[in-house]
Amino acid sequence: MLQFPLWKRLLVLGVVMLGAWLCLPNLLNAGQRAGLPGFVPSETVKLGLDLKGGSYLLLEVDPEELQQNKLLELSRDIQRSLIKKPNNVKFRGREVIDGGVRFRVVEPSQVDEAKRRVRELSSPVGGIGGAQSLDISEQNGVMTVKFSNARLEELEVEALEDSIEVVRRRVDGSGTTDPNIQRQGSNRIVLEVPGLDDPTELIELIQRAGVMTVNLVDDAADATQYRVDEPRLGKVKRLDAYTPEEYVVFEDPILTGSDFTSASQGFDENNSPQINFTLNSRGAKAFGEFTTENVGNRFAIVLDGKVVSAANVRTPILSGSGRITGQFTIQEANAIAIVLRAGELPAKLQVVEQRVVGAGLGEDSIRAGTMASAIGLALVAVFMILAYGLWGVFAVVSLAANIMLLVGALSGLGATLTLPGIAGIILTIGMAVDANVLVFERIREENRNGRSPINSIEIGYKQAGSTILDANLTTLIAAAVLFWLGSGPVKGFAVTLGIGIFTSVFTAFVLTRMFMSDWVRTLRPKKLPV
């Protein structure tokens, strides 16, 4: 137990030096970190909202809008299924109403075929054996298709997961650093952005549904006379967001947001802002076929229900890439590009709660946490030295190395430190000392039983080792559960506690033991100083 070959010593020292290397930036100010060479790490511990200040947003997915959007998608899927050749089903009056899709089958002889085709769109919820995703009813040729309750619940879960990912991509794309995004309940998202004092622009970016479509313009229709409620199948009035011109476009899109693979803000030949985009293979094929068949016609690019740009098809566009021009500012073009890259939201997010945490409160928390840690470390150091003498000094040095390794690990892993995280550090200090106390007391007991100093130390470490590992393993399991099930501050506590367990076991059971080994080998003591 007390043998430390050269390779093991080098490994222990290497771990300690790596921790010091990663911890170093936290001891420097911003100017000093900026002057560090490229090979020296410059990342510091990231501070959470409660320590750095910033914006807190509680967002909610609107279940009614979600259902409406999904019904519109279902309506288009039904149309595509019914008009499949060679035996297309004739129907009319397709509309989304009363929580379902309703349409009339023109030929009574085709009702059964229509049912079959719609039924093909249904699938078991949760896999084989689950309830069907669609409820289909028919009366006198009028068919109504609705989502089953099981499918509606599944849609809410999927929408929340998709929304979290879209929000994450949008926030990251906006240049905001270190956001914390957590799920809360069945339809809410917590977004914390440290250092952001005014979240107005971020809210606007997040709340954009980001529904991008490309639709054929009906130039034969008079937009000034056309009414939204006019029963003309497949057409709807749109209002351009940047000019007073109005458009009537066919409702079913040629392209949707899922067909865009990339987008970026650029400039046209007149140095005006534009959005450059690239389509995936399916989108490129569909757009190529559309432009080939509609040379001379116009198409509109629609974002969240408003026409962003409209252009004539002069030649077939087969490259799978293009640009969106309009009367944009650079900020507007960049925001639209971010929305396209991040993807569309299943439904618009509503801000349920919004608050700003002042940086001053965070500074007070850091000051109080640092003071508490320093006082705790000092009291522990005094106790250990008074109780165990030279061995107490070994334990205190290991404890200092433990804190350094913990801070270095937080910096290297990019973890976020919160106020509960500081509590986890303080708890780690106590746990690290506890392991040393168990070992030292076990050595004392063996010494009282008449064993030699070296044998007492050997057996003390051997006997206490299993107890220390068991205690830390159970604590690690608790930390893992807190991290898995918790959110926000609870996760912050779990992160520091979990990392602290590894650093505590290393310093208490490896580093301190190496000090003991060197002391025994150098002085060959006849009597233990405890």
Checklist entry - Of all residues in region 45-75, how many are under 17 Å from P179 (Cα atoms), in a helix (DSSP H, G or I) and not acidic (D, E)? => result 3
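For the condition under 17 Å from F515 (Cβ atoms) and either among the aromatic types (F, W, Y) or buried (at least 17 other Cβ atoms within 10 Å of the Cβ) (or both), what is the one hit in G492, G465?
Working: G492 fails: under 17 Å from F515 (Cβ atoms).
Exactly one of G492, G465 is under 17 Å from F515 (Cβ atoms) and either among the aromatic types (F, W, Y) or buried (at least 17 other Cβ atoms within 10 Å of the Cβ) (or both), namely G465.
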Checklist entry - Mind checking whether some residue in region 20-42 is more than 30 Å from E153 (Cα to Cα), in a strand (DSSP E or B) and modelled with pLDDT under 85? => result no
Item to check | Near pairs, Cβ below 7 angstrom, 6+ apart or cross-chain, from region 1-22 (within 18 Å of L405 (Cα to Cα) and in the same structural domain as P37 (by TED's automatic domain parsing)) to any residue that is exposed (fewer than 10 other Cβ atoms within 10 Å of the Cβ) and modelled with pLDDT under 90 | outcome: none
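Let's see how each residue does on (1) surrounded by fewer than 15 Cβ atoms within 10 Å (Cβ to Cβ); (2) polar (S, T, N, Q); (3) in contact with a Pro (Cβ under 7 Å, 6 or more places away or on another chain):
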position: V437; (1), (2), (3): no, no, no
position: F440; (1), (2), (3): no, no, no
position: N449; (1), (2), (3): yes, yes, no
position: Y461; (1), (2), (3): no, no, no
position: N472; (1), (2), (3): no, yes, no
position: A479; (1), (2), (3): no, no, no
Next on the checklist: Cβ contacts < 6 Å: first residue in contact (Cβ under 8 Å) with a residue 40 or more places away in the chain and assigned by TED's automatic domain parsing to the domain that holds M212, restricted to region 272-294; second residue of a type in the set (F, W, Y) and assigned to a strand (DSSP E or B), any location; separation 6+ or different chain. Result?
Outcome noted: F277/F260
Checklist entry - For A359, which of the numbered conditions (1) modelled with pLDDT of 75 or more; (2) over 15 Å from V211 (Cα atoms); (3) not charged (D, E, K, R) fails to hold? => result (1)
Checklist entry - When you go through (1) under 38 Å from the mean Cα position of the chain (by Cα); (2) exposed (fewer than 14 other Cβ atoms within 10 Å of the Cβ) one by one for I78, which number turns out not to apply? => result (2)
Next on the checklist: It is to be established whether one or more residues within region 293-316 are at pLDDT 75 or above, over 30 Å from the mean Cα position of the chain (by Cα) and in a helix (DSSP H, G or I).
Outcome noted: yes
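Yes or no: L74 within 30 Å of T370 (Cβ to Cβ) and touching a strand residue (DSSP E or B) at 6+ places or on another chain (Cβ under 9 Å)? Walk me through how you get there before you give the answer.
Working: within 30 Å of T370 (Cβ to Cβ): no; touching a strand residue (DSSP E or B) at 6+ places or on another chain (Cβ under 9 Å): yes.
Here the answer is no, as L74 does not meet what is asked.
This table checks each residue for (1) in a helix (DSSP H, G or I); (2) at pLDDT 80 or above; (3) surrounded by fewer than 17 Cβ atoms within 10 Å (Cβ to Cβ); (4) out of contact with any Phe, Trp or Tyr (no Cβ under 9 Å at 6 or more places or on another chain).
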position: V118; (1), (2), (3), (4): yes, yes, no, yes
position: G127; (1), (2), (3), (4): no, no, yes, yes
position: A159; (1), (2), (3), (4): yes, yes, no, yes
position: L191; (1), (2), (3), (4): no, yes, no, no
position: D197; (1), (2), (3), (4): no, no, yes, yes
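Quick grid of which residues meet (1) closer than 21 Å to E65 by Cβ; (2) touching a helix residue (DSSP H, G or I) at 6+ places or on another chain (Cβ under 9 Å):
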residue: G99; (1), (2): yes, yes
residue: P108; (1), (2): no, no
residue: R117; (1), (2): no, yes
residue: G126; (1), (2): no, yes
residue: A131; (1), (2): no, yes
residue: G141; (1), (2): no, yes
residue: V193; (1), (2): no, yes
residue: D198; (1), (2): no, no
Next on the checklist: For the condition in a helix (DSSP H, G or I) and in contact with a Phe, Trp or Tyr (Cβ under 8 Å, 6 or more places away or on another chain), what is the one hit in G430, G412, G421?
Outcome noted: G421
Checklist entry - Counting only residues that are within 21 Å of E441 (Cα to Cα) and modelled with pLDDT under 85, which one in region 471-507 is farthest from the chain's Cα centre (by Cα)? => result A471
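The values are calculated or read from the model by the stated rules, or taken from the named source; none is laboratory data. These numbers were taken from a predicted model, which means no experiment stands behind them. Because the Cβ atoms are built from the backbone with ideal geometry, glycine has one as well, and the counts that use them run over all protein chains shown.
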